[in-house]
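*Asks:* Got a structure for you, questions after.
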Amino acid sequence: MPALLGVGFFLLMGAASLAALLRYSDLPTWLGYLQQPYLWRVVRFSLWQALLSSGISLLIAIPVASCLIHRQFFGRAALLQLFAVSMVVPTIVAILGLVVVYGRTGWLNQLIGVQIPLYGLVGILLAHVFFNMPLAVRFLLQGYDLIPSGQWRQASQLGFSRWASFRWIEWHYIKKVLPGAFVLIFMLCFSSFAVVLSLGGGPKFSTLEVAIYQALRFDFDLNKASFLALLQVSICTLFAVIVYRIAPVNRQDVSLIAVKGYALKDSFWAKLADSFALFCTFILVVPPFLAIFDPVFSPIFMDTLQSVALWKATLVSLQIAVPAALVSVLLGICFGVLARFCMARQYFAFLPSKIEHLGNMILMVPGLVIATGLFLTLRDLGWGFKSSYWIVVWVNAVMALPFVLRALIPVMYQQERRFRNVYVSLGIQSWSRWWLEWPLIRTSVAQAFGYALLLSLGDMGVIALFGSQGLVSLPLYLFQLIGSYKLEEGACVAVVLISLCLVLFYCSSRFIGGVRAHVKN
Amino acid sequence: MNSFSLTTLFSTSLVSLGLALSPFALAKDTLNVYTYDSFSSDWGPGPKIKANFEKECDCEVNFVALDSSGGILSRAQLEGKSSKADVLLGLDLNLMEAAKKSGLLGQHGVDTSAVTIAGGWSDKTFVPFDQGHFAFIYNSETLPNPPTSLQEVVDNQNLRVIYQDPRTSTPGLGLLLWMKSVYGDEAADAWERLASHTVTVTKGWSDAYSLFLKGEADVVLSYTTSPAYHVVAEGEDKYKAAPASEGLYPQIEVAAMMENAPHPVLAKRFMQFILQPGFQSTVATGNWMLPVIKLDEKLPAAFDSALKPAKNLVLPAKQVAQNRKAWIDEWLNATTQ
């Protein structure tokens with residue numbers, strides 16, 4: 001029942017913010033917007049680059065994930081931690097990192113004298129792969145976690161090669177994770193805006209999000225903003241529907257918990273494939289990260305660490321991120337519980353995937369639009385101002401929901417399938433189930449919590465809308481510094497932010513997930 | 001004796017409780033000023049202005065930091081008539097008409113005759129608080145032959161240029177108007193020529209300027225006063241503003257008070273204060289822009305080289321407001337060919 005309430009609350013808030021925006025809409029002018037050729041050019045380009053970005057991210061992620069599962073090597077754990085953080089790197093920091101590596105006077109040019117055309121489609125793709133390939137890897141690894149140990153044992157006994165095991169075992173599980181990951185990354189790239197503007201080279205490469213930003217921040221044209229947001233939602237929904245239609249249903253098998261340690265036959269080709277995967281990682285993801293950490297060696301770094309404002313901002317960030325992550329995980333659990341409640345009942349059997357998609361919908365709407373809509377609603381109810389902190393927390397929580405769901409839902413389904421008969425026959429219900437399942441799902445809860453925490457820590461959009469003197473988060477502080485020419489201090493703050501993310505992610509997987517989780521992920 | 005000490009204890013604790021609560025009992029009025037983040041930050045002019053004004057107003061100043069010029073206005077519009085904002089500080093010349101149209105602003109009643117902006121100042125809603133001009137900044141060590149006019153920036157195909165998107169940033173909009181006032185009806189052709197050697201068009205000033213400092217471009221659109229920052233704060237004098245023989249387009253930042261300001265008297269006083277030395281003396285090395293009145297103390301020498309424009313190009317605010325959309329479309333069409 002609480003689960004239903006949670007999902008209901010989510011729906012209510014979503015509807016409220018949408019309704020507030022729609023109240024300001026004016027249908028006849030919408031037809032006018034639809035006739036602008038530029039708008040359609042933008043839509044076409046957004047689709048194209050998002051398709052490419054998510055496709056490439058996944059193509060690279062598959063061999064990388066397989067390699068990480070099968071091989072132990074020095075720095076593997078560190079790499080995985082780094083992967084977790086990549087998605088929250090503030091765009092401007094990531095862009096500067098990419099520039100240091102691939103730019104005109106960058107490392108690549110200095111080392112081998114090759115200069116790539118960074119500004120244009122190449123730059124956009126590089127940045128998007130940097131942000132999303134690691135994310136895809138982590139989702140794929142979760143798919144791997146669902147492979148029963150018996151299958152690995154059998155593969156080992158039968159002397160499967162890496163390719164055979166991929167073809168006959170891994171692919172079967174990966175292909176269930178792929179569509180969800182694909183849609184998620186597609187949406188992230190479709191609405192990507194700061195990266196596209198900075199590395200795109202000019203307005204030729206633009207996304208719908210720019211138009212939404214302009215409508216809200218410069219023109220305060222709620223009518224136009226709601227139109228564009230709806231257009232974006234429609235396109236993404238259409239895309240998601242198509243993908244899910246052709247995708248295999250995410251049906252979990254009754255399976256045992258994965259235990260690693262079965263060696264497969266190694267071969268030259270397997271080594272080659274793994275080297276390729278690692279090479280891609282070390283070219284695309286690691287150097288920009290190293291570039292971000294570069295300021296550690298500058299003399300300014302220590303001075304920056306000593307500033308009070310920095311630690312105040314850190315505190316504010318935590319004050320926003322921790323509650324947001326809690327809310328997000330709670331919401332995610334509500335969604336999961338409701339989905340599997342439906343799964344067990346014949347009449348509702350069609351619902352679980354719908355519920356899951358409902359949670360993902362949120363990514364299609366820009367955070368700015370949600371926050372604005374929510375604020376307008378609350379303003380009309382008479383408690384606009386005092387609630388701004390909670391709006392920031394709430395919007396951050398719902399923006400992280402798709403990631404939380406990706407992490408939670410598969411495992412929750414799996415437990416349901418394993419234990420349903422036991423539960424029914426023994427009459428075990430609600431809370432008692434939690435105690436039983438906790439050791440089995442805590443890894444996933446930890447990961448979900450970690451994602452939500454990191455996303456809220458790195459949030460720039462919503463906090464910028466509601467920030468004030470007392471509410472300056474780390475990313476906002478970073479932008480203040482850069483905005484006042486203090487680039488190097490800004491770079492140092494970015495290092496602090498990213499280190500904080502790493503530490504918190506480690507802590508959440510360690511304390512919520514338990515020791516085993518830490519070893520595995 | 002015992003009872004006496006108990007009473008003392010009791011009374012002292014009462015007094016200390018009273019002291020602890022006194023900030024609430026004698027709560028001063030708080031003036032809420034919406035501004036952009038780098039203005040209110042610790043190294044910006046904000047903290048000094050807060051201290052200077054609080055000395056004379058017996059009030060408290062609270063800065064609400066938004067992420068951009070556009071953010072200030074949209075926040076006020078978002079909150080509407082029930083906004084707790086008293087003063088909006090940091091709007092751009094080109095946002096004035098849009099801000100007026102929102103119907104949220106009141107008249108300031110400040111005597112602006114001392115304002116030193118070229119052409120004087122007569123607006124009844126807005127008080128200017130700092131000024132400068134848009135200019136292309138270059139590194140004099142890597143670019144020995146800098147452009148001397150806007151036309152050279154546009155036509156020199158070897159010059160790699162970074163500027164900001166006029167849809168998302170005020171400098172970008174500034175360049176749009178600069179181009180319009182120099183090229184008029186031929187602006188579309190000029191944009192096309194500029195596009196062929198533009199490195200990238202960024203979302204905001206910070207992206208553009210950081211890319212430039214990383215060596216990605218020869219020139220970047222910024223302010224005439226930018227080099228002064230590098231000289232004063234970093235002791236670095238290789239960054240220079242390129243002159244433009246056609247004249248420069250001004251950036252004037254303005255403040256306005258809200259019609260429904262919760263503290264109208266304080267807000268009016270603050271509007272007056274904007275043109276006082278207590279405010280103006282903090283502008284140069286806090287916000288890296290020029291003051292709008294004549295100050296007794298001299299600015300740091302670095303500001304002497306902040307270009308005096310050959311001509312002050314400025315389009316009437318009404319015309320800008322009317323044509324902004326059309327001009328942006330023109331830019332879009334020309335640069336996406």
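The values are calculated or read from the model by the stated rules, or taken from the named source; none is laboratory data. Predicted, not measured: the structure shown is a model, and the values here were computed from it. Methodologically, a virtual Cβ is constructed for each residue, glycine included, from the backbone with ideal geometry; neighbour enumeration extends over all protein chains shown. We work out accessible area using only protein heavy atoms, side chains counted, and drop any ligands, DNA or RNA first. Shrake-Rupley method; radii C 1.70, N 1.55, O 1.52, S 1.80 Å.
*Asks:* Would you check if there is a residue in the range B:284-303 being charged (D, E, K, R), surrounded by fewer than 20 Cβ atoms within 10 Å (Cβ to Cβ) and not in a loop (DSSP other than H, G, I, E, B)? Let's see the steps before the verdict.
*Replies:* Quick first cut of the range B:284-303, residues charged (D, E, K, R) only: B:294, B:296-298.
Going one step further and asking which of them are surrounded by fewer than 20 Cβ atoms within 10 Å (Cβ to Cβ), we end up with B:294, B:296-298.
The next check asks that each one be not in a loop (DSSP other than H, G, I, E, B); those that pass are none.
No, the conditions are met nowhere in the range B:284-303.
*Asks:* Same structure again: Just to verify a result, which residue in the range A:108-126, among those that are in contact (Cβ under 8 Å) with a residue 40 or more places away in the chain, within 22 Å of residue A:293 (Cα to Cα) and within 12 Å of chain B (Cβ to nearest Cβ), is surrounded by the most Cβ atoms within 10 Å (Cβ to Cβ)?
*Replies:* The residue in question is A:124.
*Asks:* What is the one condition in (1) over 16 Å from residue B:89 (Cβ atoms); (2) at pLDDT 85 or above that residue B:272 does not satisfy?
*Replies:* It fails just one condition, (1).
*Asks:* Yes or no: residue A:216 at the interface with another protein chain (Cβ under 7 Å from one of its Cβ atoms), closer than 30 Å to residue A:20 by Cβ and touching a strand residue (DSSP E or B) at 6+ places or on another chain (Cβ under 7 Å)? Break it down stepwise before answering.
*Replies:* Numbers: at the interface with another protein chain (Cβ under 7 Å from one of its Cβ atoms): yes; closer than 30 Å to residue A:20 by Cβ: yes; touching a strand residue (DSSP E or B) at 6+ places or on another chain (Cβ under 7 Å): no.
In short, no.
*Asks:* Name the one entry in A:31, A:59, A:27, A:96 that is within 26 Å of the chain's Cα centre (by Cα) and surrounded by fewer than 22 Cβ atoms within 10 Å (Cβ to Cβ). Outline the logic, then answer.
*Replies:* Numbers: A:31 fails: within 26 Å of the chain's Cα centre (by Cα); A:27 fails: within 26 Å of the chain's Cα centre (by Cα); A:96 fails: surrounded by fewer than 22 Cβ atoms within 10 Å (Cβ to Cβ).
Testing whether each residue is within 26 Å of the chain's Cα centre (by Cα) and surrounded by fewer than 22 Cβ atoms within 10 Å (Cβ to Cβ) leaves just A:59.
*Asks:* Of (1) under 30 Å from residue A:41 (Cα atoms); (2) at pLDDT 90 or above, residue B:335 satisfies all except one. Which?
*Replies:* Of (1) under 30 Å from residue A:41 (Cα atoms); (2) at pLDDT 90 or above, only one is false for residue B:335: (2).
*Asks:* If a residue must be in contact with a helix residue (DSSP H, G or I) (Cβ under 7 Å, 6 or more places away or on another chain) and either in a loop (DSSP other than H, G, I, E, B) or more than 14 Å from chain B (Cβ to nearest Cβ) (or both), how many such residues does the range A:277-304 contain?
*Replies:* Matching residues across the range A:277-304 total 12.
*Asks:* Another one. At least 1 residues that are modelled with pLDDT of 90 or more in each: list the helices (runs of 4 or more DSSP H) lying fully within the range A:446-521 that qualify. Quick ask: steps written out before the conclusion?
*Replies:* Numbers: elements: A:461-466, A:474-483, A:487-511, A:514-520.
Hits in the range A:446-521: A:487-511.
*Asks:* Only residues in the range B:118-133 that are closer than 14 Å to residue B:291 by Cβ and open to solvent by less than 10 Å² (accessible area, probe 1.4 Å) count as the first member; pair them with residues that are assigned to a loop (DSSP other than H, G, I, E, B) and not aliphatic (A, V, I, L, M), Cβ under 6 angstrom, at least 6 apart or cross-chain, and list the lot.
*Replies:* Between residues of the range B:118-133 that are closer than 14 Å to residue B:291 by Cβ and open to solvent by less than 10 Å² (accessible area, probe 1.4 Å) and residues that are assigned to a loop (DSSP other than H, G, I, E, B) and not aliphatic (A, V, I, L, M), the close pairs are B:127/B:108; B:128/B:121; B:132/B:224; B:132/B:225.
*Asks:* Quick one: is residue B:109 open to solvent by 10 Å² or more (accessible area, probe 1.4 Å) and within 29 Å of residue B:280 (Cβ to Cβ)?
*Replies:* On the way: open to solvent by 10 Å² or more (accessible area, probe 1.4 Å): yes; within 29 Å of residue B:280 (Cβ to Cβ): yes.
Here the answer is yes, as residue B:109 does meet what is asked.
*Asks:* Right, another one. In the range B:219-271, what residues are of a type in the set (Val, Ile, Thr) and over 30 Å from residue B:54 (Cα atoms)? Walk me through how you get there before you give the answer.
*Replies:* As a first pass, look at the range B:219-271 and keep what is of a type in the set (Val, Ile, Thr): B:219-220, B:224-225, B:231-232, B:252, B:254, B:265.
Of everything in the range B:219-271, those that are of a type in the set (Val, Ile, Thr) and over 30 Å from residue B:54 (Cα atoms) turn out to be B:219, B:220, B:224, B:231.
*Asks:* Which of the residues belonging to the range B:118-154 are out of contact with any helix residue (DSSP H, G or I) (no Cβ under 6 Å at 6 or more places or on another chain), closer than 17 Å to residue B:242 by Cα and of a type outside the set (Ser, Thr, Tyr)?
*Replies:* B:132, B:133, B:135, B:139, B:141, B:143, B:144, B:145, B:146, B:151, B:152, B:153
*Asks:* Another question about this same structure. List the pairs whose first member sits in the range A:31-50 and is under 16 Å from residue A:122 (Cα atoms), whose second member is at pLDDT below 85 and open to solvent by 60 Å² or more (accessible area, probe 1.4 Å), and whose Cβ atoms are under 9 Å apart, counting only residues at least 6 apart or on separate chains?
*Replies:* From the range A:31-50, the pairs are A:45/A:204.
*Asks:* Now, a different point. Going through the range B:63-72 one residue at a time, which ones are more than 7 Å from chain A (Cβ to nearest Cβ) and at pLDDT 85 or above?
*Replies:* Hit for the range B:63-72 is B:72, nothing else.
*Asks:* Does residue B:103 count as in contact (Cβ under 8 Å) with a residue 60 or more places away in the chain, at positive phi, over 17 Å from the mean Cα position of the chain (by Cα) and more than 13 Å from chain A (Cβ to nearest Cβ)? Break it down stepwise before answering.
*Replies:* Working: in contact (Cβ under 8 Å) with a residue 60 or more places away in the chain: yes; at positive phi: yes; over 17 Å from the mean Cα position of the chain (by Cα): yes; more than 13 Å from chain A (Cβ to nearest Cβ): no.
No; evaluated as a whole, the condition is false for this residue.
*Asks:* With (1) open to solvent by less than 10 Å² (accessible area, probe 1.4 Å); (2) touching an Asp or Glu at 6+ places or on another chain (Cβ under 8 Å) as the list, and residue A:452 as the residue in question, which single condition is left unmet?
*Replies:* Failing condition for residue A:452: (2).
*Asks:* Filter the range B:134-153 down to the residues that are in contact (Cβ under 8 Å) with a residue 24 or more places away in the chain and out of contact with any strand residue (DSSP E or B) (no Cβ under 9 Å at 6 or more places or on another chain), then identify the one that is nearest to the other protein chains (Cβ to nearest Cβ). Can you show your working first?
*Replies:* Keep residues of the range B:134-153 that are in contact (Cβ under 8 Å) with a residue 24 or more places away in the chain, which gives B:134-143, B:146-151, B:153.
Next cut, out of contact with any strand residue (DSSP E or B) (no Cβ under 9 Å at 6 or more places or on another chain) only: B:141-142, B:148-149, B:151.
Working: B:141: 13, B:142: 10, B:148: 24, B:149: 22, B:151: 20 Å.
Out of the qualifying residues, it is B:142.
*Asks:* A further question on this structure: Suppose we keep only residues that are modelled with pLDDT under 70 and surrounded by fewer than 18 Cβ atoms within 10 Å (Cβ to Cβ) within the range A:351-386. Which one would you say is nearest to the other protein chains (Cβ to nearest Cβ)?
*Replies:* Initially, the range A:351-386 is screened for residues modelled with pLDDT under 70, giving A:383-386.
Within this subset, residues satisfying the condition of being surrounded by fewer than 18 Cβ atoms within 10 Å (Cβ to Cβ) are A:383, A:385-386.
Values: A:383: 11, A:385: 6, A:386: 10 Å.
Filtering first and then ranking leaves A:385.
Condition check ((1) modelled with pLDDT under 90; (2) surrounded by fewer than 23 Cβ atoms within 10 Å (Cβ to Cβ); (3) farther than 28 Å from residue B:167 by Cβ) across all residues:
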| position | (1), (2), (3) |
| --- | --- |
| B:31 | no, no, yes |
| B:35 | no, no, no |
| B:38 | yes, no, no |
| B:44 | yes, no, no |
| B:47 | no, yes, yes |
| B:51 | no, yes, yes |
| B:61 | no, no, yes |
| B:78 | yes, yes, no |
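*Asks:* Among A:215, A:194, A:211, which is the only one that is open to solvent by 10 Å² or more (accessible area, probe 1.4 Å) and within 16 Å of residue A:365 (Cβ to Cβ)?
*Replies:* Values: A:215 fails: open to solvent by 10 Å² or more (accessible area, probe 1.4 Å); A:194 fails: within 16 Å of residue A:365 (Cβ to Cβ).
Result of the check over A:215, A:194, A:211: A:211.
*Asks:* Looking at (1) within 14 Å of another protein chain (Cβ to nearest Cβ); (2) touching a residue at least 24 places away in the same chain (Cβ under 8 Å), which is the only condition residue A:445 fails?
*Replies:* Evaluating residue A:445 over (1) within 14 Å of another protein chain (Cβ to nearest Cβ); (2) touching a residue at least 24 places away in the same chain (Cβ under 8 Å) leaves (1) as the failure.
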